[in-house]
There are 2 protein chains.
Amino acid sequence: MSRWPTDARERLERAAIELFQEQGFAATTVPEITARAGLTTRTFHRHFADKREVLYAGADASGLATRLIADAPAGLPPLALIMEGLRTVVATRFEGRREDLRVRREIVRSDSGLRERDLQKWADMSAAIRAGFTARGIAAMRAALLADTAVSLLRVSLEEWLDHDDDRELFEIVRTGLDAMRTELAAG
Amino acid sequence: MSRWPTDARERLERAAIELFQEQGFAATTVPEITARAGLTTRTFHRHFADKREVLYAGADASGLATRLIADAPAGLPPLALIMEGLRTVVATRFEGRREDLRVRREIVRSDSGLRERDLQKWADMSAAIRAGFTARGIAAMRAALLADTAVSLLRVSLEEWLDHDDDRELFEIVRTGLDAMRTELAAG
DNA sequence: CGCGTGATGACATGCCATGTCATCGGGTAA
DNA sequence: TTACCCGATGACATGGCATGTCATCACGCG
């Protein structure tokens, strides 16, 4: 055992999300969070770069994307790789967490700073995918377009999934989105 | 004539960008900017919501996108509308400003907060396009995917254009990008 | 000629983020 | 066992951003 309970980070995270739900993100101060967690402000910023980052603790979709691309069979075409990757991401990070994700989405929507941070996280994921593709020898611009397409597909599908309450599976929506893009681009 | 020179906003903008180039964004304080412009901090925040926003004064690509979609002929297919819109945006906002845009890009790249703000601006543009499409009767998810595709095309092409120094025109790169996406999606 | 209006200045405040140093328990090696 | 190092936290201080509030003052309008 350590001198302090070892779950400081988790306590801060729980306290923060509770307070965000109770009072809103902007109305919650860092001292309030640390008071509820029994810690100090300085310690909060040792665990999280800023007040927004606490909402993304343990997310790291970029790391997962990097691994999935690196581990994919060499011959797999990029688009197939993307769909396989999205299937895994959906299964491990989204499926079964719909209510939790709705709560988080409401908090993010309520604050402009959080919306910007959210965009940054998606951009990080896109950058990771792009890097994975360039590492596989795909040209820069093609890799960037593929990465953006993958992220857009996932993000738009996620919104659709959270908006509605039917029992469509998220990945099914992703596949529908891909078909939509296909016909859109083929037609023009 | 007014009591004060009427160009307060422009003076602030010029002073800010000068200082950002001289010392960097983070190292420049709002009082420094206002001192150079001969104004006060409070006045700065009357013209710009925050220190980052000064870099996007008079940009408003979202407004342009909204107008372009609203004014487009009713029968025009979405993808054709996008390419026509991108041609206009490129011509009126980007073409001929390559060096200026490179300077701004360097400033944005240097600061994480600015990178997030930049993403927000692109997201605003995507939202404007999406709204324009839904107003034309296109279903929500299809509109969102189209909007993201348009913005991604523009953004990736812009990066390519700024990265290189040949005399390829920006819109030519956009067209190449569209072709790349087409073959990508058709192949898989 | 007096008054409203709009832009600015002056002042104060709350909070975020961060640098620095002290403290203290636990693990490690001699 | 003991002495020492390490890592996590507390305590304190500081700089800067963003914003609320009220006063000031020229201009134009009736």
Checklist entry - Applying the selection to region A:34-93, what residues are in contact with a Phe, Trp or Tyr (Cβ under 6 Å, 6 or more places away or on another chain) and either within 12 Å of DNA strand D (Cβ to nearest atom) or open to solvent by less than 40 Å² (accessible area, probe 1.4 Å) (or both)? => result A:Thr34, A:Val54, A:Val90
Checklist outcome for this item: Counting only residues that are facing chain B (nearest Cβ under 10 Å) and in contact with a Phe, Trp or Tyr (Cβ under 6 Å, 6 or more places away or on another chain), region A:156-188 contains a total of 1
Checklist entry - Any residue at all in region B:34-49 that is part of a helix (DSSP H, G or I), within 19 Å of B:Ser112 (Cα to Cα) and more than 9 Å from DNA strand C (Cβ to nearest atom)? => result no
Item to check | Matching residues, region A:14-33, being touching a residue at least 60 places away in the same chain (Cβ under 8 Å) and in a loop (DSSP other than H, G, I, E, B) | outcome: A:Gly24, A:Phe25, A:Ala26
Next on the checklist: It is to be established whether one or more residues within region A:57-65 are near DNA strand C (Cβ under 8 Å from one of its atoms) and not polar (S, T, N, Q).
Outcome noted: no
Item to check | Residue that is farthest from the other protein chains (Cβ to nearest Cβ) [pool: residues in region B:98-130 that are open to solvent by 50 Å² or more (accessible area, probe 1.4 Å) and touching a Lys or Arg at 6+ places or on another chain (Cβ under 9 Å)] | outcome: B:Arg109
Checklist entry - Just one of B:Ala144, B:Ala140 is facing another protein chain (nearest Cβ under 8 Å), without any contact (Cβ under 8 Å) to a residue 60 or more places away in the chain and open to solvent by less than 20 Å² (accessible area, probe 1.4 Å); which is it? => result B:Ala144
Next on the checklist: Restricting to region B:154-184, count the residues that are of a type in the set (Val, Ile, Thr), more than 17 Å from B:Ala91 (Cβ to Cβ) and either open to solvent by less than 20 Å² (accessible area, probe 1.4 Å) or not in a helix (DSSP H, G or I) (or both).
Outcome noted: 1
Checklist entry - Is it the case that A:Leu76 is more than 24 Å from B:Ser126 (Cβ to Cβ), free of Cβ contacts under 8 Å to residues at least 12 places away in the same chain and among the hydrophobic types (A, V, I, L, M, F, W, C)? => result yes
Checklist entry - Which number in (1) touching a Gly at 6+ places or on another chain (Cβ under 8 Å); (2) outside the structural domain of A:Leu146 (by TED's automatic domain parsing) marks the one condition that A:Pro77 misses? => result (2)
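The values are calculated or read from the model by the stated rules, or taken from the named source; none is laboratory data. Predicted model only: the values in this text are computed from it and were never measured. Note that each Cβ is placed from the backbone with ideal geometry, even for glycine, and that neighbours are counted across all protein chains shown. Note: areas computed on protein heavy atoms with side chains; ligands, DNA, RNA excluded. Shrake-Rupley method; radii C 1.70, N 1.55, O 1.52, S 1.80 Å.
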